[in-house]
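Report on the structure given below.
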Amino acid sequence: MSTVLLLLITGLGLGALYFLVASGLSLIYGLMGVLNFAHGSFLTLGAFLGWEVARRMPDGSWLTFGVSILVGAVVGATVATLTELLLIRPLYLRHIEQVLVTVGLSLATVALFEGIWGVDPIYVVGPEWLNDTTDIAGALIPNDRFVLIAAAVIVLLGLVVFLKRTRYGLIIRAGVENRAMVTALGVDVRRAFTLVFAIGGAAAGIGGVLASHYFGYVSPLIGGSLLIFAFIVTVIGGLGSLTGAAIASVVVAVLQQFANFYLGGTGDFMVVALLAVVLLVKPTGLLGSKA
Amino acid sequence: MNAPDPILRVAGLSASIDGQQVVEQVDFEVPATGVTAVLGRNGVGKTSTLKAVLGLISRSGVVEFDGARIDGEPTHRIVQRGIGYVPEDREVFASLTVAENLRLAERGTTPNRGMVDELFPDLIARSAQRAGSLSGGQQQMLSLARVLMNDNRLLMVDEPTKGLAPRIVTEVAAALERAAAVTPVLLVEQNLPVVRRLAHTVVVIEGGRVIHAGPAAELLDDDERTQQLLGVHSTDHGAPRGGTDHGAPKGDTDRSAPTGADESREETP
Amino acid sequence: MTMIRRLRTSPFTPWVIGGLLVGLVAVLPLLDLSLPGVLPGSTYTPGTLQLLAFAMVFAALALSYHLLFGVAGLLSFGHALYFALGAYGLGIVLRDTELALVPAMAVVLLAAIAVAAALGALSLRVSGIAFAMVTLAFAQAGSVLVRRNASVTNGEEGLPLRVDNIPAELVGVLNTRNVYWLALALLVVVFLIVAWFERSRAGHVVAATRENELRVRVLGMTPFRVKLITVVLAGGLAALVGMVYLLLQSGVTPAVTTPDFTLTLLVIVVLGGVGSRWGAVVGGLIYTLLDQRLTALARSEAIQDLPEFLRIPLSEPLFILGTLFILVVVLLPGGLAGVARRTLARADSARARAGRSLDEEATR
Ligand SMILES: Nc1ncnc2c1ncn2[C@@H]1O[C@H](COP(=O)(O)OP(=O)(O)OP(=O)(O)O)[C@@H](O)[C@H]1O
Ligand SMILES: [Mg+2]
């Protein structure tokens, strides 16, 4: 029982990470039709710069931790905004070229990160409490799981409030459904493009810092490996659907944890198998409308 | 002749979709008052012409709105100059509520709720309903209401009566007539009685080109000419049509068989 | 003058030029040419032959990817899977069975075709961007499989080639030129198969689906079937290339299973010019040579003595190649093939103009 609980909560924690990456991917795709391959690099850069700031501050304090998360968010939002303005916007509506540019950016930046920070993992230290465990019904749960879950829930709620309550949220929801009609109502939808990139980048940056605490290290490859699962999550959840991304993140991560434990480390395969099943049964994903 | 300047002037307009030419060297003018109807058989490029004017599909040629060239501008700028667009098939945002659809359409700081409240009380009562769950007629009203929220200098309305029951057709026509009293309208319409009721001028398109332009009454009173240009008698109400006839080859739709309005049915969402 | 123009417009000319080029490349190992800065040594040395063979293998692989992306318009992020399947598959069969080389290759090829058919049928249920994501996921599963099952694949160490059942002519540094010829033959064969496919009915149909899927369906053909055929053919060819790669490198490492490896192919095809066969070949050759040169450059003193903000980016070949790629996408639509086409067109119209004024002068 306690094992099940541990796996479940660890899965939720990992799912939280997937969601932080997938939410931005899904919004960007839904609104703009762009697959952002450089999303992993936003995450990695957030993690590295978060660490660079943290190591200049007192080790293990909550303030340091909080500041590094903030740095991750700001860095992620900034590079994402620049990417949209400088690389994506000039290729407006040329979707394949836009994907290619983000592919090039991801190759170039990962190489650059390797040049700057080296290929070996850099170990990070967080507040002592994160490495402790909490006893829940007999299961000893590492505390960082709770932080991850809380962060993802806050981001999810923030996004929902933003989408439901603000004019830009309205534009984004409408644009995901029918972008051309939004412009035909006199709305400059490109500003919303920049905004979703910034939001997605911020979520990825936060995810980067949190991932470095979850895994215990940063490396230039951290973004790429999470990105692949985020892709799977967005397809399973339905491209463009935030709720779908949230549900699929949890399903994928929990399945992965259980399969890794009970089925001899086959978590990654079970996830791909789940993807195959979803493709067979409902190619548009759980909550998606476009395939 | 001392005609006032037209509100919209189109000259040599061509447009293509996915590399396929759908509008070819179209010229016409929309007077600054009244309703100008664009007629033509299915698939001749009426919708594409409107989309080309708005920059929704790639186009070339001259488009002047109120004396200013707009053919190089992005869609949202063109619309902000004061054009209200009611697309074919309504294109309301199905996942948004009625109120949200209207809020999204508000352009200026002073939305013009008066006319909307007056014309569409039924819609206002359904503010919180998801637009996707409205009936076809209600969706058409919403699509119209979306543009009537703003002060426009031109309305472009694409087949507003398509697939609607006769009673709703009358309601839509009445609403359009109200709107046309203050704003010039460019109307694509297959229902000839509606055209006769609203339009002053007609432009007939065939194979992506303008083949006739002139006063509405003159064409519609000449049954033979109408039959020749539109393949339909001027007394017809327009055949009931679904939304799937777009792939039909140009001009081969035979709509000369008399079809009454009683055959048209309201679309269910 | 007219002779030249006739040559330029004749459909056979590219094939004649191609044949001559192949002949030239075939005799390189017998010559003593050097191209300092481009090749590491004279053309008969094993090191240079190895590099050139490697470049040709890459060009052949890029051609198979061109089938997907350039012809069918399918953006795949998982093509590495089939290449790796060929290389690892052949390595494992040669190690664990006593099959001779050719039967072993046939077995692996059949396996690759079966896998491509199954995964292709699944991933083609979605299109566009979702197809890209799904192929990536499948390839990633393959990559994990290789890394995790060290008992079969030798894990991160890489799988060495067992040479017992391989013709002696293909083994050892002294026989590098035989492997070189093998690589050349592979490139020619793959090129011919791809060209034949593009001319076949299926090839035309699949190219039409890229432009307008709806129209194909209206014409009564099923886009799914021709796309699947393309995916299977591309997968089979990639596996074949992977097998030659194994022979050339005397082994294979998990690096060829990664998404980055597929991205490299994408870079090559875009660099050469999407939709152009020659572009894919030239892109593959240039990319490989450039990658090799940039790696050498990164270690050179000229770079190592630079201040840090220049040294770090310049000593990462992938950074330079990635940046180059972005620039090509943004500034050079059509890649190298596009540039070549435009240059030729410009030269043509210039010549036409010159010809006309000459004619005018003559008549005056
Ligand atoms: N997305 C598209 N892809 C390819 N062809 C298209 C597309 N949209 C329209 N067309 C073609 O362009 C031509 C003109 O279409 P358009 O919608 O402008 O006609 P229309 O006059 O509005 O017809 P209808 O009366 O049926 O609304 C048609 O032949 C149609 O098949
Ligand atoms: Mg139309």
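The values are calculated or read from the model by the stated rules, or taken from the named source; none is laboratory data. Note that the structure is a prediction, hence the values are computed from the model and not measured. Please note: Cβ atoms are built from the backbone with ideal geometry, for glycine as well, and neighbour counts cover all protein chains shown. SASA here: full protein model, heavy atoms, side chains in, ligands and nucleic acids out. Shrake-Rupley method; radii C 1.70, N 1.55, O 1.52, S 1.80 Å.
Laid out as a table, the results:
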quantity	calculated
Accessible-area composition of chain A, carbon plus sulfur, in percent [1.4 Å probe]	70 percent
Rg over Rh [alpha-carbon atoms, Kirkwood Rh] for chain C	1.01
Solvent accessible area, Å² - residue C:135, 1.4 Å probe, full protein context	20 Å²
Accessible area expressed per residue, the protein assembly as shown, with surrounding protein chains retained (probe 1.4 Å, Å²)	42 Å²
Those aspartates and glutamates that a straight Cα-Cα span of less than 20 Å connects to residue A:164, excepting residues fewer than 8 apart in one chain	A:177, A:188, B:100, B:106
Area accessible to solvent at residue A:232, 1.4 Å probe radius, in Å²	10 Å²
Kyte-Doolittle mean at least -1.0 and Cα axial length at least 18 Å: DSSP H helices in chain C	C:13-27, C:46-66, C:80-96, C:101-123, C:128-148, C:176-199, C:223-249, C:259-272, C:277-299, C:317-331, C:335-363
Nonlocal amide H pairs with residue A:134, under 5 Å, H built at 1.01 Å	A:141, A:143
Share of carbon and sulfur in the accessible heavy-atom surface of segment B:8-252 [1.4 Å probe, %]	48 percent
Chain C - percent relative contact order, Cα under 8 Å, separation 6 or more	26 percent
GNM flexibility winner over chain A from A:237, A:46, A:138 (Cα, springs under 10 Å)	A:138
Accessible-area order (highest first, 1.4 angstrom probe) of the listed residues A:51, C:181, A:62	A:62, C:181, A:51
Total accessible surface hidden between A and C, rounded to 100 Å², 1.4 Å probe	3400 Å²
Per-residue ³J(HN,Hα) for segment A:257-273, Karplus 6.51 cos²θ - 1.76 cosθ + 1.60, θ = phi - 60°, Hz, x for Gly and Pro	4, 5, 5, 4, 7, 8, 10, x, x, 9, x, 4, 5, 4, 5, 5, 5
Rounded to whole Hz, the Karplus (6.51, -1.76, 1.60) HN-Hα couplings of segment B:200-212, x for glycine and proline	9, 10, 10, 10, 10, 10, 8, x, x, 10, 7, 10, 7
Relative contact order %, chain A, counting alpha carbon pairs below 8 Å whose residues are six or more apart	36 percent
Chain C - mean residue ellipticity at 222 nm from DSSP helices (-39,500 (n - 2.57) per run, n ≥ 4, rounded to 500)	-24500 deg cm²/dmol
Fluctuation leader among A:255, A:242, A:91 - chain A, Gaussian network, Cα springs under 10 angstrom	A:91
Nearest-10 value in Å² for the accessible area of residue A:164, using the 1.4 Å probe	120 Å²
Anchor residue B:162: aspartates and glutamates whose Cα lies under 15 Å away (excluding residues fewer than 8 positions away in-chain)	B:88, B:89, B:91, B:171, B:189, B:236, B:245, B:262, B:263, B:266, B:267
Relative frequency of Cα-Cα separations exceeding 55 Å in the protein assembly as shown, percent	23 percent
Amide H contacts under 5 Å for residue B:86, placed H, 5+ residues apart	B:156, B:157, B:158
10 Å Cβ neighbours from other chains, averaged over peptide B:65-78	2
